[in-house]
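Undergrad: I have a structure here, written as structure tokens, and I will follow up with some questions on it.
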Amino acid sequence: MQVSSENRSGRQKLLSDPKTRELLRRLIMENKSLAPDVGPDGLIHYLVAEQVIGDAKATEAWIDEMTKDGILKKGAYKELVTCPVHLRADPQVQLECAKCKARKMRKTTLVEHLYCGYIDADSKFDQGGFLVCPNCKRPIHRADELRSSGGWYECQNCLTKTSVPKVVLSCRDGDEFGTNDLRLAAVYTYAVEDSVVAQLKNALILAPALVELLSSAGFKVMSPATLQGRSGTSHTVDVYGEKTGDQGTETNDVAIQIAVDAAAVEPSAVISFFAKTYDLRPKLAILITIPSASEAAKQINEGYGITLVEDSDGASAVQKVKALLDSAGKAKTQ
Ligand SMILES: [Zn+2]
Ligand SMILES: [Zn+2]
Ligand SMILES: [Zn+2]
């Protein structure tokens, strides 16, 4: 998953929006796609997205933007029948008698008595709760003595029979239309692109998990955190936590950066984090490298004092950071 730096910065911009982060986080955590639904207004909605993004129009624009950037990909596809006037996708379907226009068609199933070959409506075989062939008068004991051989529709008004009744669709806003006039709306599901799941997973799931860890350990936490260093320059790190020691005098702080790559993380990630931590001087500077740190990255870090945490997929990174915090706490009390 090598993401070009240009693409990455465009993505970073999109991902800095809190609503975008929240929605993608939900989709990835719940391993879900955005699926179309028909809302109470009869129109097509992406309800999970609308809960976060706002109304249908904003959601549509959001999906469009995410798809263009390759963060979402189009998945399964279907055509929904809609009213030609209101585009409602919840028409009621009725069957109409071609002769008298009544909508009182009754469906009848034809069955054949295999023994004598007689065919009639299934209701004709019912003799006061017992199945009896109306032709040969033999009682029928097992289902396999009968064979279903199709069905027809009978108008309860004029008794006209047909096997292909007229289909009438009615919109809940009052239109009626036939199969010639209906419209079809193409709707898709959208899934988070596989190649960006790993990147997002760590930005959207690992960072919040670290925030929770630090908060529960009594830190005041920011994520992402923009802080002013000693030089006066501002630096942004993924997670920053600060707490005042037991004596109320000493401040304990930790800065955490997450670096994700397809292969071992390169020295540039270490150098860029060092440029920040050198200026910010946190007590503990942790660089989480997923899946690992390259040898060159480890070597260059020797003089930097950054604590490297390597984790193959980010799943155990929180545990590893917790262990670091615990051992840092113990070292202090000894
Ligand atoms: Zn309509
Ligand atoms: Zn009729
Ligand atoms: Zn029979």
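The values are calculated or read from the model by the stated rules, or taken from the named source; none is laboratory data. Model, not experiment: these values are computed from the prediction. Quick reminder, even Gly has a Cβ in these numbers, built from the backbone with ideal geometry, and neighbours come from all protein chains shown.
Undergrad: For residues that are within 28 Å of I300 (Cα to Cα) and of a type in the set (D, E, K, R), scanning just segment 210-268, find the one that is surrounded by the fewest Cβ atoms within 10 Å (Cβ to Cβ).
TA: Among them, the one singled out is R230.
Undergrad: D326 versus (1) surrounded by 12 or more Cβ atoms within 10 Å (Cβ to Cβ); (2) free of Cβ contacts under 8 Å to residues at least 40 places away in the same chain: which is the lone unmet condition?
TA: Every listed condition holds for D326 apart from (1).
Undergrad: Quick test of your reading of the structure: P208 fulfils all but one of (1) in the same structural domain as D313 (by TED's automatic domain parsing); (2) of a type outside the set (S, T, N, Q); (3) assigned to a strand (DSSP E or B). Name the failing condition by number.
TA: Looking at each condition in turn, P208 falls short on (3).
Undergrad: Give me the pairs, please: first residue somewhere in segment 169-183 and closer than 14 Å to V93 by Cβ, second residue anywhere and within 16 Å of ligand 2 (Cβ to nearest atom) and not polar (S, T, N, Q), beta-carbon distance under 8 Å, and either six or more positions apart or on two chains.
TA: Here the result reads E176/V168; F177/V168; G178/K166; G178/V167; G178/V168; T179/V167, each pair linking segment 169-183 to a residue that is within 16 Å of ligand 2 (Cβ to nearest atom) and not polar (S, T, N, Q).
Undergrad: Residue by residue through segment 89-117, note down the ones that are of a type in the set (A, V, I, L, M, F, W, C) and touching a strand residue (DSSP E or B) at 6+ places or on another chain (Cβ under 7 Å).
TA: Result: A89, V93, L95, C97, A98, C100, A102, M105, L110, V111, L114.
Undergrad: If you check K220, K201, which single one turns out to be in contact (Cβ under 8 Å) with a residue 60 or more places away in the chain and among the charged types (D, E, K, R)?
TA: Criteria check complete, one pass: K201.
Undergrad: Right, another one. Specify which of the listed residues (P165, P139) is within 16 Å of ligand 2 (Cβ to nearest atom) and either crowded, with 17+ Cβ neighbours inside 10 Å or not hydrophobic (A, V, I, L, M, F, W, C) (or both).
TA: P165
Undergrad: Another question about this same structure. Go through segment 34-55 and give me each residue that's surrounded by fewer than 17 Cβ atoms within 10 Å (Cβ to Cβ) and either in contact with a strand residue (DSSP E or B) (Cβ under 8 Å, 6 or more places away or on another chain) or assigned to a loop (DSSP other than H, G, I, E, B) (or both).
TA: If the condition is that a residue be surrounded by fewer than 17 Cβ atoms within 10 Å (Cβ to Cβ) and either in contact with a strand residue (DSSP E or B) (Cβ under 8 Å, 6 or more places away or on another chain) or assigned to a loop (DSSP other than H, G, I, E, B) (or both), then A35, D37, V38, G39, P40, D41, L43, L47, G54, D55 are the ones that fit.
Undergrad: Within segment 247-313, considering only strands (runs of 3 or more DSSP E) that don't extend past its boundaries, which have at least 3 residues that are in contact (Cβ under 8 Å) with a residue 40 or more places away in the chain?
TA: 251-260, 284-290
Undergrad: Right, here's the next one. Can you list residue pairs whose Cβ atoms sit under 6 Å apart, with the first residue in segment 102-120 being at negative phi and in contact (Cβ under 8 Å) with a residue 12 or more places away in the chain and the second being in a loop (DSSP other than H, G, I, E, B) and within 15 Å of ligand 2 (Cβ to nearest atom)? Count only pairs 6 or more apart in sequence or on different chains.
TA: If the second residue must be in a loop (DSSP other than H, G, I, E, B) and within 15 Å of ligand 2 (Cβ to nearest atom), the pairs left are A102/N157; K104/Q156; K104/N157; M105/P165; R106/Q156.
Undergrad: A follow-up question, please. If you scan segment 157-201, which residues turn out to be among the hydrophobic types (A, V, I, L, M, F, W, C) and part of a strand (DSSP E or B)?
TA: V167, V168, L169, F177, L184, A185, A186, V187, A191, V192, listed by residue number.
Undergrad: Now, a different point. Those residues that are surrounded by 17 or more Cβ atoms within 10 Å (Cβ to Cβ) and under 21 Å from A328 (Cβ atoms), I need them from segment 278-303; list them, please.
TA: L280, P282, L284, A285, I286, L287, I288, T289, A293, K298, N301
Undergrad: With respect to G70, is the statement that it is within 16 Å of ligand 3 (Cβ to nearest atom), at positive phi and either out of contact with any strand residue (DSSP E or B) (no Cβ under 9 Å at 6 or more places or on another chain) or in a strand (DSSP E or B) (or both) true?
TA: no
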